[in-house]
Amino acid sequence: MDALVREAGGQPGQAWCSWTVVAILRRAGLPVPRFGRALAWFDRVHTIWRNGQPVAGRPPPQPGDVLGFTWGQRAICHAETLLVWGSGPSCRAVGGNTGGGGALQREGEGVFENWRLKRMVAAVANVADNPRY
């Protein structure tokens, strides 16, 4: 995991969910910033979904957007990259510092692709259309 954090611009030992998002999106060719904190993705310009509802006038979530989770806290503290939003109650995402099998763990052991319940998503940032911050 240290190599992934370094690739994205972070320092080994830092919480690395956001660094995983940076690495994934940069590998996909998006010129995203080097955000080491999950909350940094969710500014007023980029947020298109908040608290279970779309933000009026914004596009729907799409692959490459960033999902934010609160882990029961008030502020977003975990980020993952959206793969599939779909029309059902779940979405598919890939995230670092998490667990496999759909586990939402505070400190995970790797990078996993998981189904997430949309009701668990605190916010979505439109990074696919607007990677500049």
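Quick note: the coordinates plus some simple rules give every number you see, no bench work behind them. None of the values given here were measured: they were computed from a predicted structure. Heads up, the Cβs are rebuilt from the backbone with ideal geometry, glycines too, and the neighbour counts pull from every protein chain shown.
Annotations
- For the chain, calculated [θ]222 nm from helices alone, where every DSSP H run of n ≥ 4 adds -39500 (n - 2.57): -4000 deg cm²/dmol
- Förster radius 35 Å - calculated FRET efficiency between residue 28 and residue 58 (Cβ-Cβ, nearest 0.05): 0.95
- Gain on full extension, evaluated as 0.36 nm per residue between residue 75 and residue 133 minus their Cα-Cα distance, stands at 18.9 nm.
- Using bins of 10 Å that start at zero, the share of Cα-Cα pairs per bin across segment 37-125 amounts to 19, 56, 24, 2, in whole %.
- Inter-site label distance for residue 115 and residue 50 at 7 Å from Cα along Cβ, in nm: 3.0
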